[in-house]
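Worksheet: the structure to be examined is printed underneath.
Values quoted throughout were computed directly from the atomic coordinates according to the rules given, and no laboratory measurement underlies them. This structure is a prediction, so every number in the text was calculated from the model and none was measured.
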Amino acid sequence: MKDLKSQRLERMLKEEWRMQSKLFEGRNLAALPILISVMTFLGVKVVENYSETSTFGLGLMISVFGLFSGLAAASTGFSRRDASRNVLKNKTFLIYSSRTLPVDKNRLIRSFFAKNLLFYLGLYLFPVALASVIASPALFIYTVYMVGLFVLGQLAGILLIQRAVHVSVRKFLNYYNLKGRPLTKKFFLDIYRSSGGLLKVFISVTALLGLYWYAANYVPLASYLLARPLLSFSIVLGLSSITIYNWLNTYDSVSDYTFLTIDERDLLTEKFRAFKYISALVVIPFVIAFYLIEGGNLVLSLTLGASIAYYTGSMNFYFAGLHPNENMVNAWQFLKFMIAINIFVIPLLGYSSMDVNTHIFYQLSGLMILIGLVFEKLKERQEN
């Protein structure tokens, strides 16, 4: 007979797969590891054959991917205290059953993070490891490091979050001293009043920027990003704002508004408006801070960061709607989103390493804003 610990872990894994496969119709979820494997295999082959990056440099990048994936996975810890206050309503999952059942919370948490490790291992880490080793057997040891660093990243994230959730700045902002539309203010306050507040948004963005910083400084292939560091930083920063839209869609669902004269189009429009406000709060101080460290063209960098944040958000808005945390695990949606984003991000990162006229950056920024507006309007029409 299985012991209680094994039963808890098995049930959590089954529940995780049941929820995900129900949301993504099974096949789409199962296709994600295949897509990741193909992208990883092609990426390793391109780096090996068309760059001077050593196996050591490529292996370090794979290893660090595990660390930052662990930090990202640990971000679920921000919802622990919200679940105990029922802020998340029905999104409490099995880890939070200690609120209503005579189950030890610490044991549940250990089982939950063991489940998290196995789930991420199967969905993300194993496909990356398998494709890397097939492409280059010398990378095997680095895939082992990747898994170990994932565990360390998750533990470090938990410790950081345990401190962050106790940070409270609620007395400074409330519904009455905020400017804007009622729903926009409500969505902003959902994040502001949740565990960690706006700090968790900055931490999510910082985790992605940390991967950029590591790659730019220690991976030869990416060192060209430091030719004009403020510009490349602003591009990656704008891309990192995708996490803001995900947080905005964590704390409620359409069903919460059925008793009001509010439809899905209203929710979409106001959440995207809140996304734009919060993005500005993140992009502007980050760019200014990096400008004080590295110098560069401040106006151009602010323009790039803001336009990429808006474009990335509008693509997320169009492809994922009110369910970005679920729809982006859909392999087909994820692929379309990645193509739409990289059409601009890859050329812009390339141009940031060259001595090109600044007009091309302003032109591409304007084009991204224009396309973003078109997709924003298309999505709103779909909801009519």
Listed by chain and number, the residues whose amide H is under 5 Å from that of S241, excluding neighbours fewer than 5 places away on the same chain and using placed H, are none
Karplus (6.51, -1.76, 1.60) ³J(HN,Hα), θ = phi - 60°, over segment 356-366, in Hz, Gly and Pro reported as x:
9, 5, 5, 4, 5, 5, 5, 5, 5, 4, x
Please compute one quarter of the surface area of the Cα convex hull for segment 168-384 and express it in square nanometres.
13.0
For segment 294-306, what does the Karplus curve 6.51 cos²θ - 1.76 cosθ + 1.60, with θ = phi - 60°, yield as ³J(HN,Hα) per residue in whole Hz, taken in order and with x for Gly and Pro?
9, x, x, 8, 5, 4, 5, 5, 4, 4, 4, x, 5
Can you flag which of K276/K377; K200/K336; K200/K379; K185/K276 are past 22 Å Cα-Cα?
K200/K336; K200/K379
Convert each backbone phi in segment 278-291 into a coupling constant with the Karplus relation 6.51 cos²θ - 1.76 cosθ + 1.60 (shift: θ = phi - 60°), then list the ³J(HN,Hα) values in order as whole Hz, x for Gly and Pro.
5, 4, 5, 5, 8, 5, 4, x, 5, 5, 4, 4, 5, 5
